[in-house]
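Peer 1: Take this structure first; my questions come after.
The values are calculated or read from the model by the stated rules, or taken from the named source; none is laboratory data. Computed from a predicted structure; not experimentally measured. As a convention, Cβ positions derive from the backbone with ideal geometry for all residues, glycine included, and neighbour counts pool all protein chains shown. For accessibility, only protein heavy atoms count, side chains too; no ligands or nucleic acids. Shrake-Rupley method; radii C 1.70, N 1.55, O 1.52, S 1.80 Å.
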Amino acid sequence: MTVFRLDQRLAFPPVHLAEPSGLLAVGGDLSAERLILAYSSGIFPWYSSDVPILWYSPDPRYVLVAEKLHVPKSLKKAQRRGTFEIRFDTRFADVIRSCAEEPRPGQDGTWITDDMISAYVRLHELGLAHSVEAFQEGELVGGLYGVALGGIFFGESMFARCADASKIAFVTLVAGLPQLGVDLVDCQVHTDHLERFGAEDWPRTHYLKELAVRLTRRTVAGPWTEALAPSHGAPSQLSRASDNG
């Protein structure tokens, strides 16, 4: 199959023309406008510093429906201990840089390039990219970031310097998202880690239909600091909301 080369026009080819790997196109740029169009079309960038920008739309798509969130018993106990304070949108740049530095088994280097960092910091400044942060004794020890449009959160990456830090950040986020009208997390591709939380494969055609529905909802832009942050990582309202099995 053909991999399309993008030019300066703000457009993508139809996603059903992607290769079996999900690779759809190469080139273009990481402008906020192109990234927003990509996510709205079921596409995301994923590449390394030594190659051009690569755009993917995998089939199937890995997603987590917020109401299907499963929190393992061991993680519930960790939540109740209140080891971590969970915050939102207070250290976005530090979170994405920490994700870039996180060692990945089987990977040499990172796909979160300097250009990617700059692009997503810009989306954060526009109120569309968000970070979830786990603090321990005032130190940032874990977290994740992603993009939110309408009723969907597109998860990008996470890191942890302490056991369970990113996991508790993740389940706190997912449990709180419905308060913002967001009920679906795009996890992009399968991982055993996310499967434990209830994520599942959707055919791309089904994902695109559900994406279109959620994009009709209002986007809650700007910092989520006050809208979602619990007082502490212990049994807060959001932690209890995620305690569903």
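Peer 1: Report, by residue number, each residue of the range 85-104 that is β-branched (Val, Ile, Thr) and not in a loop (DSSP other than H, G, I, E, B). Steps first, please.
Peer 2: Just the residues of the range 85-104 that are β-branched (Val, Ile, Thr), to begin with: 86, 90, 95-96.
Selection gives 86, 95, 96.
Peer 1: If you scan the range 174-198, which residues turn out to be free of Cβ contacts under 8 Å to residues at least 60 places away in the same chain, in contact with a helix residue (DSSP H, G or I) (Cβ under 8 Å, 6 or more places away or on another chain) and within 22 Å of residue 61 (Cβ to Cβ)?
Peer 2: So in the range 174-198, the residues free of Cβ contacts under 8 Å to residues at least 60 places away in the same chain come out as 179-181, 192-193, 195.
Those still in the list that are in contact with a helix residue (DSSP H, G or I) (Cβ under 8 Å, 6 or more places away or on another chain) too: 179-180.
Within the range 174-198, just 180 meets the criteria.
Peer 1: Further question on the same structure: Might you let me know whether the range 50-58 holds any residue that is open to solvent by 20 Å² or more (accessible area, probe 1.4 Å), touching a residue at least 12 places away in the same chain (Cβ under 8 Å) and closer than 23 Å to residue 224 by Cβ?
Peer 2: no
Peer 1: Could I ask something else about it? Considering the range 132-169 alone, what residues qualify as being of a type in the set (S, T, N, Q) and either under 21 Å from residue 189 (Cβ atoms) or at pLDDT below 95 (or both)?
Peer 2: Step one: filter the range 132-169 for residues of a type in the set (S, T, N, Q), giving 136, 157, 166.
Hits for the range 132-169 are 157, 166.
Peer 1: Among the listed residues 74, 98, which satisfies the condition of being more than 26 Å from residue 14 (Cβ to Cβ), hydroxyl-bearing (Ser, Thr, Tyr) and free of Cβ contacts under 8 Å to residues at least 60 places away in the same chain? Walk me through it before giving the result.
Peer 2: Working: 98 fails: free of Cβ contacts under 8 Å to residues at least 60 places away in the same chain.
Going through 74, 98 in turn, just one is more than 26 Å from residue 14 (Cβ to Cβ), hydroxyl-bearing (Ser, Thr, Tyr) and free of Cβ contacts under 8 Å to residues at least 60 places away in the same chain: 74.
Peer 1: Would you mind finding the one in 80, 97, 61, 91 that is open to solvent by 10 Å² or more (accessible area, probe 1.4 Å) and more than 24 Å from residue 222 (Cα to Cα)? Talk me through it step by step, then tell me what you get.
Peer 2: Working: 97 fails: more than 24 Å from residue 222 (Cα to Cα); 61 fails: open to solvent by 10 Å² or more (accessible area, probe 1.4 Å); 91 fails: more than 24 Å from residue 222 (Cα to Cα).
Of 80, 97, 61, 91, the one residue that is open to solvent by 10 Å² or more (accessible area, probe 1.4 Å) and more than 24 Å from residue 222 (Cα to Cα) is 80.
Let's see how each residue does on (1) of a type outside the set (S, T, N, Q); (2) farther than 17 Å from residue 71 by Cα:
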site	(1), (2)
142	yes, yes
192	yes, no
205	no, yes
211	yes, yes
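Peer 1: So, one more: Residue under question is residue 141, and the condition is that it be among the β-branched types (Val, Ile, Thr), crowded, with 16+ Cβ neighbours inside 10 Å and more than 16 Å from the chain's Cα centre (by Cα); does it hold? Please lay out each step first, then the result.
Peer 2: Values: among the β-branched types (Val, Ile, Thr): yes; crowded, with 16+ Cβ neighbours inside 10 Å: yes; more than 16 Å from the chain's Cα centre (by Cα): yes.
When the stated conditions are applied, residue 141 passes them.
Peer 1: In this structure, does residue 115 turn out to be assigned to a loop (DSSP other than H, G, I, E, B), under 25 Å from residue 47 (Cβ atoms) and open to solvent by 40 Å² or more (accessible area, probe 1.4 Å)?
Peer 2: Working: assigned to a loop (DSSP other than H, G, I, E, B): no; under 25 Å from residue 47 (Cβ atoms): yes; open to solvent by 40 Å² or more (accessible area, probe 1.4 Å): yes.
Answer is no for this residue.
Peer 1: Among the residues of the range 128-152, how many are small (Gly, Ala, Ser) and under 12 Å from residue 169 (Cα atoms)? Steps first, please.
Peer 2: Here is the first cut: in the range 128-152, the ones small (Gly, Ala, Ser) are 129, 131, 134, 138, 142-143, 146, 148, 150-151.
Next, only the ones that are under 12 Å from residue 169 (Cα atoms) stay: 131, 134, 142-143.
So the answer is 4.
Peer 1: Of the conditions (1) modelled with pLDDT under 95; (2) in contact with a Gly (Cβ under 7 Å, 6 or more places away or on another chain), residue 102 fails just one. Which one is it?
Peer 2: Residue 102 satisfies all of (1) modelled with pLDDT under 95; (2) in contact with a Gly (Cβ under 7 Å, 6 or more places away or on another chain) except (2).
Peer 1: In the range 120-138, how many are over 18 Å from residue 87 (Cβ atoms), open to solvent by 10 Å² or more (accessible area, probe 1.4 Å) and within 15 Å of the chain's Cα centre (by Cα)?
Peer 2: So the answer is 1.
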